[in-house]
1. Considering the dipole of segment 401-468 built from charges on the beta carbon (Lys and Arg +1, Asp and Glu -1) around the Cα centre, which of 446, 420, 410 is farthest to its positive end?
2. By how many degrees, between 0 and 90 and to the nearest 10, does the Cα long axis of helix 209-226 differ from the longest principal axis of the chain?
3. Provide 81, 257 ordered by accessible surface of protein heavy atoms (probe 1.4 Å), highest first.
4. Quick one: work out Rg over Rh on the C-alpha atoms of the chain, Rh as Kirkwood radius.
5. Of 82/462; 358/417; 332/462; 332/357, which sit over 22 Å apart, Cα to Cα?
6. Got a sec? Charge dipole of the chain, +1 on Cβ for Lys and Arg, -1 for Asp and Glu; which of 256, 394, 346 is way out at the positive end?
7. Could you list which residues have their amide H under 5 Å from that of residue 62, counting only those 5 or more apart in sequence or on another chain, with H placed in the peptide plane?
Amino acid sequence: MERALLSVGLDIGTSTTQMVLSRLTVENKASAFAVPDLAITDREIIYRSAIHFTPLLSDTVIDAEAIQAIVDEEYRKAGISKSDIETGAVIITGETARKDNAKQVLAALSGYAGEFVVATAGPDLEGILAARGAGCDEYSREHDTAVLNFDIGGGTANACLFDRGRCVDTGCLNVGGRLIKFDKNHRVTYISPVLDGLTTLSVGQTVTEAELQPVADLLTEALEEAAGLRPRTELSQRLTTNRLPAVPETAPMLSFSGGVADMIYTESPPPWDAFGDMGVILGRTIARSPLLQGPHIRPNETIRATVVGAGSHATTLSGSTIAYEGVDFPLKNLPVLSLTAEETAGAPQELAQTVEKKLRWFWDNGEPSPVVLAFPGQHSPDFQTIERLAEGLLSGLAPLQQAGLPLLVAVTADMAKALGQAMLCRMAQPRHLLCMDGLTMETGMYLDIGSPVGSALPVVVKTLLFDR
């Protein structure tokens, strides 16, 4: 049985805000007597909004009313009522995610879709979403290779490395098109503090294209260092926000998304001063640099790569062998962090290091936030395997426990009760743990978990959709 869903995707970024409406065809592939197994069988982009500059009241406050006005107007142009929307995603990304009232803006927009993903995305998660939206995950899987994507927006360049379909590392640099802004008279109105010591330009100064070019050259060199095309120096280290991705010895394919990528790939770029910032100059500089001279793929999406729609709400049940204590149901919009079987096969210390490193991809403004840790697990594991996993997981998830957040674990194999009990035995009071099985998920998905139904849990897996 098929049904159509109307889906909205809204991306509120550092520089721009945009909306996409999609029509999804969802089919239940399970039999009449089985748990629903919903899958997207078709998707069609039916409306793409204009690209708006993200409205701000100040450098630290988003203009929530202006955001709502933009969305209302785009709904009107599309001929869609918000009551028609059944699914979707609202993602606040880039520097905008770190504005003082980002969460209030998300709450204000919650009435513009049905049951949908609502989240702020830090640089790591944003980089993952953008790389997936650009198709880097699929390309790396299909061509058995590594792809490094730079999603370059107004304030940052979020890097994500996919290797054979798996996200293996992330990073972020202060490289973006709006690090310097100017008015219609070319008078500088803003210079990002990250450029202190890297330029002699000053606010109030009238600038020319030639005077901005040295800054674009430096930013491009920093990207070249991050991509492994030249030795890493103090320049890339200085512009790094958290870390640079670990680039393999064999140069990966490179890809670019984000607003600046439009300037990289266009054959007829607009005038250098078209947007009141240095984005056009930066894009042109990257286009003629070594970054585009080696192995390279052009993504299907550039400025719209982060999130184009929202996914199916695939309702299923966790297996009957769940273990939980101290968890307040229901839980909504939990991001999923997926580990491979190989990543969970090592010693407890190795597992803990992997978990703790990747948890930081999902931290909100430098603070731990709830995450569902997912991995395949083992069928009929022995006692030693259970103990090893329990020790490694608890050690890696310690930042969440210290922050008073629940530890949420999902495995594919039927082993949740044994693993959960082993973890509970090792935890100090108060204990907040949920361990469930029967679920197969990937990083970038989101999860809703309902209250227990007998010995099982109703679970909704939300998969963000990207335009291919």
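The values are calculated or read from the model by the stated rules, or taken from the named source; none is laboratory data. Please read all numbers here as calculations on a predicted model, not as lab measurements. All Cβ positions, even for glycine, are placed from backbone atoms using ideal geometry, and neighbour counts span all protein chains on display. Quick note on the areas: whole protein, heavy atoms, side chains included, nothing else; ligands and nucleic acids left out. Shrake-Rupley method; radii C 1.70, N 1.55, O 1.52, S 1.80 Å.
1. Selected residue: 420.
2. 30 degrees
3. Descending accessible area places them as 81, 257.
4. Dividing the radius of gyration by the Kirkwood radius yields 0.98.
5. In this structure, 358/417; 332/357 exceed 22 Å between Cα atoms.
6. Towards the positive end, the residue furthest out is 394.
7. Hits under the 5 Å cutoff: 57, 100, 101.
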